[in-house]
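Trainee: First the structure, then my questions, so here it is.
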Amino acid sequence: MVFTEPTTQSKAPGRRVAIVGGGLVGILAALYFAKRDWNVELFELRKDPRGTGNQASFSQKSINLALSTRGLSALANTGLNLDEIVLNFVIPMKGRMIHLDKGELRSQPYGIFGECIYSVERKALLELLLNTTKKFTNIKIYFQHRMKTCNFDSGLLEFENVAEEIKVRYTADLIIGADGAYSSVRSRLMRVINMDYHQEYITHAYCELTIPPIIDDKGDLKFAMDPNHLHIWPKHTFMMIALPNLDKSFTCTLFMPNENFDAIKTESELINFFELYFPDSIPLIGEQRLKEYFRNPRGSLISIKCKPYHYRSRAIIIGDAAHCMVPFYGQGMNCGFQDVEILDNVFERFNVTAFRNDDNLDLDLALKEYTKFRHEDAMAICDLAMYNYIEMRSSVVNPWYLIRRKIEGW
Ligand code: FAD
């Protein structure tokens, strides 16, 4: 394959940013930079997800997510009403619903003032963000472009256009790595800076299952459980959770050690396992549908910490590329959104404009400040996420924990 120079790249004056990775965080970053009048080019390895019914075609991660105040704030501060728009297609979850052993249910509200988190479908949120990019003539999106390599000092990026099987080169003043946990931009950064890096796979994995809607006497579709809760089946060393979807189904996620997954090999072993640990979920999922267990992918769970996030005035990593966390605190995407909001605040404080200047000192200082400001908080959330697995799978049924909740009223 030979390299071709892009014919489409913007020749407009002003700074150019190349965002590698068109997941939730990369697209939100594109919107923030476009609002600041930068020329934005976003490169995504996968196909355009819009119009494809298949969730798996664009993400191997969860089908739905918990959106919290942290994420909503970043959506609001785009100034594009994204927070209000997204609230039209979410389901509020006011607390946890604990499924106890004998089918007994116990509601634990998230707050005494009706505070809640929101269940949102990943695909719907991604499509909202992608469709919003159409408002900006200064955003160009290239799907099916895999970044192969980049040179931060020259700003040259090389991609494989996987649809046309050609290699293409682009240049940018600033490169943003929003390319997820296995970030190529981060790997390149490690070659030019002394990056502290820590990754940890936990021994647990996850598998998604579905609770379909039920049909009532009038033939209408209904949720099979209370939709305004995040449902948890805590089993101390493992757990299952379920979040509601707008089509009145629930997506369940079974989290447990790999060895437990490996031990279930046949349909009868699967039924026995569910009868023993999650008996009330069998009629909800249905014995036939439960077999999705054997078809659906088993996802691994990784936590990644690193520092610094930037290289001079030339590059920065955000989202999972910078701090991938286990999903138990429901904050990975929310934190990635917050990265974008914080970066924008730092640009404001350091007066970083869309216009190039000779030494790029404004960008240099702003990116340095971003790492300094962001690192500690990002690490704290990674740790809280790890801790929250114990909280969800065990502490929520610990008698002392429940007494404390009662006394303190939370
Ligand atoms: P990603 O979503 O990984 O996107 C990165 C993008 O980069 C991908 O589209 C990929 O195709 C692209 N890419 C990769 N390499 C290249 C390359 N070389 N060239 C071009 N493109 C490339 N978070 C929450 O806030 N709330 C939740 O409830 C929640 N639940 C979760 C449940 C599970 C089971 C899991 C696994 C995660 C959950 N998360 C949750 C975390 C959340 O999914 C991630 O934090 C979020 O998706 C990170 O977004 P991102 O854009 O940084 O990375």
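Trainee: Cα atoms only: what Rg and Dmax, in Å, come out for segment 274-378?
Mentor: Expressed in Å, the Cα Rg and Dmax of segment 274-378 come to 21.3, 68.
Trainee: If you project the alpha carbons of segment 82-151 onto their three principal axes, what span does each projection cover, largest first, in Å?
Mentor: Here the spans come out as 56, 30, 21 Å, largest first.
Trainee: In Å and from the alpha-carbon atoms only, list the Rg and Dmax of segment 202-299.
Mentor: Considering segment 202-299 through its Cα atoms, Rg and Dmax are 13.7, 47 Å.
Trainee: Set the Förster radius R0 to 30 Å, insert the Cβ-Cβ distance between MET195 and ASP37 as r into 1/(1 + (r/R0)^6), and round the FRET efficiency to 0.05. Walk me through the numbers before you get to the answer.
Mentor: Values: r = 31 Å, r/R0 = 1.03.
Using R0 = 30 Å, I get an efficiency of 0.45.
Trainee: Need one number for segment 118-174: average projected area of the convex hull over its C-alpha atoms, nm².
Mentor: Numbers: hull surface 23.0 nm².
Mean orientational projected area (segment 118-174, Cα hull): 5.7 nm².
Trainee: Once every Cα of segment 179-258 carries one equal point scatterer and solvent is ignored, give the base-10 log of I(q)/I(0) from the Debye formula at q = 0.17, 0.24, 0.26, 0.27 Å⁻¹, two decimals.
Mentor: -0.80, -1.06, -1.16, -1.20
Trainee: Could you list VAL17, VAL192 so that the one with the fewest beta carbons within 10 Å of its beta carbon is first and the one with the most is last?
Mentor: Working: VAL17 21, VAL192 14.
Placing the least packed residue first, the sequence is VAL192, VAL17.
Trainee: Among MET240, LEU189, THR253, which residue has its Cα furthest toward the positive end of the charge dipole of the chain, with +1 on Lys/Arg Cβ and -1 on Asp/Glu Cβ?
Mentor: LEU189
Trainee: Karplus couplings for segment 64-81 from phi (6.51 cos²θ - 1.76 cosθ + 1.60, θ = phi - 60°), rounded to Hz, Gly and Pro as x?
Mentor: Once rounded to whole Hz, the list reads 10, 9, 8, 9, 10, 3, 4, x, 4, 4, 5, 5, 5, 6, 5, x, 10, 6.
Trainee: Another question, then. Please compare each pair in LYS235/LYS265; LYS61/LYS305; LYS47/LYS307; LYS102/LYS248; LYS61/LYS94 to a cut-off of 29 Å on the Cα-Cα distance and tell me which ones are over it. Please report the intermediate quantities before stating the final value.
Mentor: Values: LYS235/LYS265 21 Å; LYS61/LYS305 20 Å; LYS47/LYS307 31 Å; LYS102/LYS248 25 Å; LYS61/LYS94 24 Å.
Over 29 Å Cα-Cα: LYS47/LYS307.
Trainee: From the mean inverse distance of alpha carbon pairs (Kirkwood) and the Cα radius of gyration, derive Rg over Rh for segment 70-213.
Mentor: Details: Rg = 21.2 Å, Rh = 20.0 Å.
Dividing the radius of gyration by the Kirkwood radius yields 1.06.
Trainee: Using the number of other C-beta atoms within 10 angstrom as an exposure proxy, rank ILE19, ILE390, ILE112 with the fewest first. Could you put the intermediate results ahead of the total?
Mentor: On the way: ILE19 28, ILE390 13, ILE112 8.
Ordered from fewest to most neighbouring Cβ atoms within 10 Å, ILE19, ILE390, ILE112 come out as ILE112, ILE390, ILE19.
Trainee: Kirkwood Rh over Cα pairs of the chain into Stokes-Einstein at 37 °C, 0.692 mPa s: D in µm²/s? Spell out each step's value before the answer.
Mentor: On the way: Rh = 22.7 Å.
The diffusion coefficient I find is 145 µm²/s.
Trainee: OK, next. With a point put 7 Å past each Cα toward its Cβ, work out how far GLU267 is from GLU158 in nm, to one decimal.
Mentor: The two pseudo-label positions are separated by 5.2 nm.
Trainee: When LYS134, LYS291, LYS148 are ordered from fewest to most other Cβ atoms inside 10 Å of their Cβ, what list results? If you can, show how the numbers build up before the last one.
Mentor: Details: LYS134 9, LYS291 15, LYS148 12.
In order of increasing Cβ crowding within 10 Å: LYS134, LYS148, LYS291.
Trainee: To continue, here is another question. Once Rh for segment 221-273 is found with the Kirkwood sum over Cα pairs, what is the Stokes-Einstein diffusion coefficient at 4 °C and 1.567 mPa s, in µm²/s? Before the final figure, lay out each step's value.
Mentor: Working: Rh = 12.7 Å.
D, rounded to a whole number, is 102 µm²/s.
Trainee: Okay, moving on. Which lysines, if any, have their Cα less than 16 Å from the Cα of LYS135, not counting same-chain residues under 8 positions apart?
Mentor: Of all the lysines, those that pass the test against LYS135 - Cα under 16 Å, at least 8 places apart if same chain - are LYS35.
Trainee: List, in order, the whole-Hz ³J(HN,Hα) value for each residue of segment 360-370 obtained from phi through the Karplus relation with A = 6.51, B = -1.76, C = 1.60 and θ = phi - 60°; use x for Gly and Pro.
Mentor: Working through the residues one at a time gives 6, 4, 4, 5, 3, 5, 5, 5, 4, 4, 4 Hz.
Trainee: Stretched out fully, how many nm does the piece from LEU246 to ILE202 gain, at 0.36 nm a residue minus the Cα gap? Provide the component values of the computation, followed by the final result.
Mentor: Values: separation 44, 0.36 × 44 = 15.84 nm, distance 3.13 nm.
Length gained between LEU246 and ILE202: 12.7 nm.
Trainee: Compute the helix-to-body angle for 399-408: its Cα long axis versus the longest principal axis of the chain, expressed 0 to 90° and rounded to tens.
Mentor: Around 70 degrees separate the two axes.
Each value in this text was obtained by applying a stated rule to the coordinates, not by laboratory testing. No experiment lies behind these values; they were computed from the predicted model shown. As a convention, Cβ positions derive from the backbone with ideal geometry for all residues, glycine included, and neighbour counts pool all protein chains shown.
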